[in-house]
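Quick note: the coordinates plus some simple rules give every number you see, no bench work behind them. Only a predicted model underlies this, so the values are computations on that prediction, with no experimental measurement involved.
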Amino acid sequence: MKLKKCVILLPTTYNDGASISPAVLEGILKEIDREFDGHSIDGYVDGTYRMDDGSMVSDRSLNVWVAVDPAKVDGLRALTARIAGTLKQESICFIVTDAEVEFIRPLPEAGETS
């Protein structure tokens, strides 16, 4: 089955600038794993965002991507909304790419039967 690549920019700080603990972030990643069978981390990204009050803030996010059955993308979107609430964020960036993800298994060795 071909899966969709979805990206969540998981914030590393609360809106007031306080750091989100590694334990909280780890718990979120474990929840993603439970509901969507895994994740990958592409590292940290820095960016800016205009808050609802008009102010610009700089932030650092963990770039997390998840290979999702196309029928479950809305479920990951809903989980992201719950995460935004847990982390007291105005919003979290959620991207659905056009990329298709496949997990390729090795070919059987010569002479083996499947």
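Brief remarks on what is shown
- From helices alone, the chain scores -8500 deg cm²/dmol at 222 nm; the rule is -39500 (n - 2.57) for each run of n ≥ 4 DSSP H residues, then divide by the residue total.
- Short-range pairs are left out: with C-alpha atoms under 8 Å and at least six residues apart, the relative contact order of the chain is 41 percent.
- Computed over the stretch 16-66, Kirkwood Rh from alpha-carbon pairs, angstrom: 12.7 Å
- Crossing angle, helix 73-86 versus the chain [Cα axis fit, 0-90 degrees, rounded to tens]: 30 degrees
- Where only alpha carbons of the stretch 1-99 are counted, the Rg and the Dmax (Å): 13.4, 44
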